[in-house]
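Asks: The structure is given below, and queries will be raised subsequently.
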Amino acid sequence: MTSISNQTACAVLTPIHFCCQIYTYEGKFVSCIESTGNKLSDPRGLAVSEDGHVYVADQKNHCIKKYRYM
């Protein structure tokens, strides 16, 4: 499990479930990032930008994916 946060939310990467979960600092679940057409395959790293994007390093797909969570 990997987590990183910005000023408004915390992103938690769960490679076993191939998703990235977003929570507020108070612990309220916001969303789960699961790409529908091009699924995450062995996500390993993430970063959260100040403008509300999450970048996920997808190891088996050999790419970095960008998502908007808010």
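Every read-out reported here was derived from the displayed coordinates using simple, explicitly stated rules and does not represent laboratory data. All of these numbers come straight from a predicted model, not from anything done at the bench.
Asks: In whole Hz, what ³J(HN,Hα) sequence does region 51-61 give by Karplus (6.51, -1.76, 1.60; θ = phi - 60°), x for Gly and Pro?
Replies: Result, ordered by residue: 8, x, 10, 10, 10, 10, 7, 9, 4, 6, 8 Hz.
Asks: Could you tell me which of rounded, prolate or oblate describes region 19-62, using a ≥ b ≥ c as the square roots of the eigenvalues of the alpha-carbon gyration tensor, with rounded for a/c under 1.5 and, failing that, prolate when a/b is larger than b/c and oblate otherwise? Don't jump to the answer; show the numbers that get you there.
Replies: Values: a/c = 2.25, a/b = 1.68, b/c = 1.34.
Cα axes put region 19-62 in the prolate bin.
Asks: Right, here's the next one. Considering amide H positions built from the backbone, and no H for Pro or chain starts, which residues 5 or more places from L40, or on another chain, come under 5 Å of its amide H?
Replies: Those lying under 5 Å, H to H, from L40 are S35.
Asks: Can you list the lysines whose alpha carbon is less than 20 Å from that of K39, not counting same-chain residues fewer than 8 positions off?
Replies: By straight Cα distance, K39 reaches K60, K65, K66.
Asks: Here's another thing I want to ask about it. Ordered by residue, what ³J(HN,Hα) values in Hz, to whole numbers, does region 22-27 give under the Karplus form 6.51 cos²θ - 1.76 cosθ + 1.60, where θ = phi - 60° and Gly and Pro are x?
Replies: Running phi through 6.51 cos²θ - 1.76 cosθ + 1.60 with θ = phi - 60° gives 10, 10, 6, 5, 7, x Hz.
Asks: Tell me which residues come under 5 Å, amide H to amide H, from L46 once H is placed; ignore anything under 5 positions away on its chain.
Replies: The answer is A57.
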